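What follows is a short report on a single structure.
The values are calculated or read from the model by the stated rules, or taken from the named source; none is laboratory data. Because the structure is predicted, anything quoted here is derived from the model rather than measured. Quick reminder, even Gly has a Cβ in these numbers, built from the backbone with ideal geometry, and neighbours come from all protein chains shown.
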Amino acid sequence: MSEERLPTRSENFSEWYNQLVLRSELADYAPVRGCMVVRPYGWALWENITAALDSRFKATGHVNAAFPLLIPRSFLEREKDHVEGFSPQLAVVTIGGGEVLEEPLVVRPTSETIIGHMYAKWIKSYRDLPVLINLWNSVVRWELRTKLFLRTAEFYWQEGHTAHASEAEAVAETMQMLEIYADFAENEAAVPVVRGRKSDTEKFAGAVDSYSIEAMMADTRALQAGTSHNLGQNFARAFDIRYLDRNNQQQLCWTTSWGLSTRFIGAIIMVHGDDQGLILPPRLAPHQVLIVPIHKDEAERALVMEAVERMRRQLGGFRLRLDDREGLTPGFKFHDGEMRGVPLRLEIGPKDVAKGTVALARRDRPGKDGRTFVPQDGLDRAVADLLVQIQHDLFQRALTFRLQNTHQPEDYDAFRQVLESGWADVWWCGEADCEAVIKEDTKASSRVIPIDQPGGQGVCIRCGRPARERAIFSRSY
RNA sequence: CGGGGUGUAGCGCAGCUGGUAGCGCACCGCGUUUGGGACGCGGGGGUCGGCGGUUCAAGUCCGCCCACCCCGACCA
């Protein structure tokens, strides 16, 4: 490492983020513009994310499948808004096997169109519905400005695609998946989110309604951390996805799609991390406990390592990492573990062996008050309790931060002031022209119209027109 | 695409008025170390972003090109 310290978050949040991703070995820049290599540590985190999501998808009746990377370009053109939204960011394959292709193929930016094509083929009867398929894959969007995890030209995600017999079922599915994302974010990643609907300008290209979970990063900017779309009959119409109902009548399907990507790793970094490095939530951390043995000579080493082996057996139910690299001081290993965000550090040296204790240090509480000496007997219990406590405290800290930085300005001047460094929760008319002016004035956009509304009505923060809903405005990633 | 910046060892940089490339970290070897980023000694590693020009001689001067980064427009 060329420098020992990261830039602090207050010095330069963006640079703190970039260096942290590289130095914690989550990811690295690939030799292709805008692309990243997810390194083993980053992928281990992603695997824990995918496992947590996948089990929730399966529990609600979804199954996984695989669809092609390449999609005929004409497919994208079938849905008007979809093609408008995605055309500018497409990568297109025009040559295959040395021959110019009859029809160019796009590298999927998302799979609604090819899904629509296949669903039209598979769905004939109301008995075939619902179709509940999820894909784990990567997609390509030729982004103009990229940033590791947050916006890369290729990113990994899951995309769920469902078809239903009724609008009500499709809406219920859309909301169910939004809630699954929110539950995942809050209970697995300890990232508090606001569930809500996107404004017309912010919604998915081709959707009737888009919903998202929105999280506040430590610089108060917002990040869309997962989305669920009610596609209505737009794609069913474009791809002719029909079924015969009980009365032998042709009906158009109602479809949904929903996705959560490696961007979420960016959220975990920017919500929980501190100036020492990452802080990973225990439920998702690749390593939950970092064991650092401390010893001077061979005799001590033998003594300590014997105790370490006992600790490892006792802690068999946790994801452990033993840092027994030679030639590195404990201090170096402590910093290294902090950079990587391991939630709990277990130090064990000759003094501990003599006393039958170990030192446990909480990553989320640097310094003395996060470090305790606990007996080796019953250590598994102590570790389990601490990990639960850390998970809980990370969520609470993030929630408190979001609440402290969310304001309810009463007039437009105050609104603009708030948007310098926080979220604004305001009455809003919902009109696109109004949103455009706000964006021009403040660089902020509507992030989400929360599902949780206070009721009643007010006047739009900018234009004074009647407003039936409150919306969150913020600068965003 | 517009504005700004940077390209010299894996990373961070120095290299002046041109004379044939160096420092710190990282890496390798040996030894001493190890409870908050250890130290000594020895070592390996470079078509100086590319192409062309000026010159006896170019990392250095000139021209063109390319790439990347930051700020906007696009976005999970």
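Scoring A:Gly277 on the criteria (1) under 26 Å from A:Asn64 (Cβ atoms); (2) small (Gly, Ala, Ser); (3) more than 18 Å from the chain's Cα centre (by Cα) leaves a single failure, condition (1). Look at (1) touching a residue at least 24 places away in the same chain (Cβ under 8 Å); (2) surrounded by fewer than 18 Cβ atoms within 10 Å (Cβ to Cβ) and you find that A:Val92 fails only one, number (1). Pairs linking a residue in region A:157-176 that is more than 16 Å from RNA strand B (Cβ to nearest atom) to a residue that is in a helix (DSSP H, G or I) and not aliphatic (A, V, I, L, M), with Cβ atoms under 7 Å and 6 or more positions apart or on different chains, are A:Thr162/A:Glu173; A:Ala163/A:Tyr119; A:His164/A:Glu173; A:Ala165/A:Tyr126.
Picking from residues in region A:1-26 that are more than 17 Å from the chain's Cα centre (by Cα) and among the hydroxyl-bearing types (Ser, Thr, Tyr), the one that is modelled with the lowest pLDDT is A:Ser2.
Annotation note: of A:Gln391, A:Gln408, A:Gln396, A:Gln404, the sole residue that is modelled with pLDDT of 95 or more, surrounded by 20 or more Cβ atoms within 10 Å (Cβ to Cβ) and of a type in the set (S, T, N, Q) is A:Gln391. A:Arg381 falls short on exactly one of the conditions (1) touching a Gly at 6+ places or on another chain (Cβ under 9 Å); (2) away from RNA strand B (no atom under 11 Å from the Cβ); (3) not acidic (Asp, Glu), and that condition is (1). If you go through region A:125-156 and keep only what is surrounded by fewer than 17 Cβ atoms within 10 Å (Cβ to Cβ), modelled with pLDDT of 90 or more and within 9 Å of RNA strand B (Cβ to nearest atom), you end up with nothing.
Filtered by the rule that a residue be small (Gly, Ala, Ser) and away from RNA strand B (no atom under 11 Å from the Cβ), region A:220-239 gives A:Gly232, A:Ala236, A:Ala238.
Table: residues versus (1) over 19 Å from the mean Cα position of the chain (by Cα); (2) away from RNA strand B (no atom under 16 Å from the Cβ).
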| residue | (1), (2) |
| --- | --- |
| A:Asp28 | no, no |
| A:Asp54 | no, yes |
| A:Phe57 | no, yes |
| A:Glu79 | yes, no |
| A:Pro88 | yes, no |
| A:Leu101 | yes, yes |
| A:Glu112 | yes, no |
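Here A:Ala467, A:Ala382 are screened, and the one residue that is over 19 Å from A:Ser199 (Cα atoms) and surrounded by 14 or more Cβ atoms within 10 Å (Cβ to Cβ) is A:Ala382.
Determine whether region A:205-219 contains at least one residue that is under 27 Å from A:Asp28 (Cβ atoms) and surrounded by fewer than 24 Cβ atoms within 10 Å (Cβ to Cβ). Yes, region A:205-219 has at least one match. All but one of (1) farther than 25 Å from A:Thr113 by Cα; (2) touching a His at 6+ places or on another chain (Cβ under 7 Å) hold for A:Ile265, so report the exception by its number. Answer for A:Ile265: the failing condition is (2). Just to confirm my filter: which strands (runs of 3 or more DSSP E) fall fully inside region A:308-424 and include at least 1 residues that are of a type in the set (Asp, Glu)? Here the list reads A:344-348.
The single condition among (1) within 16 Å of RNA strand B (Cβ to nearest atom); (2) over 28 Å from A:Ser228 (Cα atoms); (3) more than 22 Å from the chain's Cα centre (by Cα) that A:Asp364 does not satisfy is (3). Looking only at region A:278-312, residues that are touching a residue at least 60 places away in the same chain (Cβ under 8 Å) and exposed (fewer than 15 other Cβ atoms within 10 Å of the Cβ) come to 1 in all.
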